[in-house]
Amino acid sequence: MPRLNYCLTALCLLTLTCGAIADERGPLKEFPYTPGLDPAAMDRETDPCEDFFQYSCGGWLKNNPIPPDRSSWEVYSKLAEDNLRYLWGLLSEASRVTGDRSSEQAQLGDYFAACMNIAAIDERGLAPAESTLEAIRRLRSRKELPDLLARLHDGRGNGAVLFGYSAWQDFESSDRYIGTFFSGGLGLPERDYYLEDSPRMIETRQRYVEHIARLWELAGGDADEAEQVAAQVLTLETALARATLPVTDQQDPTKLNHPMKIRELGRAAKGFDWERYMTLRSPDAPERINATEPAFLTAVAGIIDDTPMTELRNYLTWSFLRSHARWLSAPVADESFAFNFGYLFGIQEQPPRWKTCVRGVDEDLGEALGKEFVSRTFTAETREEAVRMIALIQDVMRERISNLDWMGEATRAKALEKLEAMRNKVGHPERWRNYSPVAIKPDDYFGNRSRAAAFEQRRLLARIGQPVDPDEWSMTPQTVNAYYDWMRNEMNFPAGVLQPPLFDLSIDIAPAWGNTGATIGHELIHGFDDAGRHFDADGNLKDWWSEADAEAFKGQTSCLLDQYAGYVVVDDLRINSELTLGEDIADLAGLTLAYMGWRIATEEDSLSEVDGLTPDQRFFVGNAQWACGHQTDERARVLARTDPHSPLRYRVNGVMVNLPEFQEAFQCAEGDRMYRSPEQMCRIW
């Protein structure tokens, strides 16, 4: 599914449901304190004007190697792991609750206990999946396929099998939800893994075929047929990949808006009964839908029509297995890990079981867990300070829009209107989600995951045709991240991201402004980046730019496109700057807003040097230290093709070279690697 919510980081808390490595440190009762600017994390032997990332983070990188159960390790993921360890304690406590098993505490505890019971999971083997696998085996005609896909998509399989269907806000009427079809069905990270003939991609496809065959046998498939089945799956998925939009196009909302009646989709994509499928998934949905990628859906119908039934059943079986393998017994779960996380991302070991189980609760019962997290960790003072910071940064943005020399008055008025309409959510939802309809059993891990996923799918689909709930969140409060939503025109800052070292109110305010201030600026700018600018104040996909101003904006961004395209990620693989443009814009303009806001916030203060750093230097080092981190080469290769964020080093150095205030703070001069003349600097917003 294309991204509609833009987040500050690509931090991914991988939900691995395998492995049982011991962890003797135990849960956290209190969070360890790390200051918002940590001098020990620096490498003062490096010249900041040569490599500011290394100067700010060299000590951190040296003292924080990538753990064997991770493919990356950053300040964000380290804080997220502290959150996990704290939540582990809450869930261990909840698992000992007695009495009403329908209470939230009992639900949380029973889910966690079922996940932790590896012996019971292994004893059941493939039995939990057997009813669905048997339903696939019983498929005899294409007329039965809509009913089967409706079943397969009613849970985690949505998007994993051929295509996906869900409730999205209507691009043209963002106050309502619309039934939306989108591309899917690929087992490799993105389309070019199937289509590119580089040595690495050829090797990856071969390893994928071997993985399919092994998992097929482990799931009870005929060993003699395994290689043939794997080849069939690769052929079918390659056909899906050819029809899928490139990842850069999936970032462009103007290419994803294709409203039509469901009957029109049926006429354009013959070979599959779309009306029957939609009626089964969302019987009360209006006929108007959004086919985000019409050519893909037409290709799907053709593939269904042309593929022999045996091969179609094999593909459906595989798709179900790959999306559910992590919940099954050890041999199947281990094979899933070995390819998807070991080979593709370079992770050396499976995580301790408690991490898997805490992440599962966060994914399936996230707001119930978040309510506990917030009640114990999030203070009114933290919220009030964040709200003040947001308001000041919005004031700075208002001033900058009002004085842009490349924007005409009509467009300027619309930009200011959008800024004034932007909503901010801080900490947690005002109303918590109710999970009481989800049946959670202390001895049925697979069933718990399936029922929770089905509950969420039905909750989402019930929204189609209904008004948008303005108070809903798309992240749990414990998440260490933040996001801007195009079609709600709102910024969201969960409690998890508003804690040290990211938001440290116990020291001078410069690092917090460099870090959280830049986060706020980053998310605000997503409303005005290369994608967000296509949405108006109400979140509708509507062109509010004059032709001349649109061209001027593109001219501004061309500088960043050229700059980031020159950066090497790993080997000879460079940043796809068309993919990362929106995040690169947000990084640069967001830090610019934060710096100006900080100077206003402290204009009457007497600022002094701390730890050998001037106030301005502390602002910039405080900003850079959010990005301290590194990753495996394998992960770098995957993210270079799939992630709209640039690598962390360039999210620091690539921004600083465009800020005259940085060069002045560190006295960078011509000949230094971090120096650019004013004429060379990129300026966005």
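The values are calculated or read from the model by the stated rules, or taken from the named source; none is laboratory data. Bear in mind that the values here come from a model prediction, so they are computed numbers and not experimental data. Using ideal geometry, Cβ is built from the backbone for each residue, glycine included, and neighbour counts are taken over all protein chains shown.
Look at (1) among the hydrophobic types (A, V, I, L, M, F, W, C); (2) part of a helix (DSSP H, G or I); (3) not assigned by TED's automatic domain parsing to the domain that holds residue 555 and you find that residue 674 fails only one, number (2). Restricting segment 608-643 to residues that are among the polar types (S, T, N, Q) and not in a helix (DSSP H, G or I) leaves a set whose member that is nearest to residue 661 (Cα to Cα) is 614. For segment 246-257, the count of residues that are surrounded by fewer than 16 Cβ atoms within 10 Å (Cβ to Cβ), touching a Lys or Arg at 6+ places or on another chain (Cβ under 8 Å) and assigned to a helix (DSSP H, G or I) is at least one. Regarding residue 536, is this residue of a type outside the set (Gly, Ala, Ser) and closer than 28 Å to residue 470 by Cα? Taking the combined requirement at face value, the residue satisfies it.
Counting only residues that are surrounded by fewer than 24 Cβ atoms within 10 Å (Cβ to Cβ) and of a type in the set (D, E, K, R), which one in segment 487-527 is farthest from the chain's Cα centre (by Cα)? Result: 508. Taken over segment 180-194, the criterion of being surrounded by fewer than 17 Cβ atoms within 10 Å (Cβ to Cβ) and not in a loop (DSSP other than H, G, I, E, B) is satisfied by 192 alone.
For residue 197, are the conditions met, namely being more than 30 Å from residue 532 (Cβ to Cβ), at pLDDT 95 or above and in a loop (DSSP other than H, G, I, E, B)? For residue 197, the condition - more than 30 Å from residue 532 (Cβ to Cβ), at pLDDT 95 or above and in a loop (DSSP other than H, G, I, E, B) - is met. For first residues located in segment 277-304 and closer than 13 Å to residue 165 by Cα and in the same structural domain as residue 159 (by TED's automatic domain parsing), partners that are assigned to a helix (DSSP H, G or I) and among the acidic types (Asp, Glu) and lie 6+ apart or on another chain with Cβ distances below 8 Å form the pairs 280/147. Test residue 292 against the criterion of being out of contact with any Pro (no Cβ under 8 Å at 6 or more places or on another chain) and β-branched (Val, Ile, Thr), and give yes or no. Spelling it out, it is not the case that residue 292 is out of contact with any Pro (no Cβ under 8 Å at 6 or more places or on another chain) and β-branched (Val, Ile, Thr).
Confirm whether residue 154 is among the acidic types (Asp, Glu) and within 30 Å of residue 642 (Cα to Cα). In short, yes. For the condition within 25 Å of the chain's Cα centre (by Cα) and under 25 Å from residue 220 (Cβ atoms), residue 135 does not qualify.
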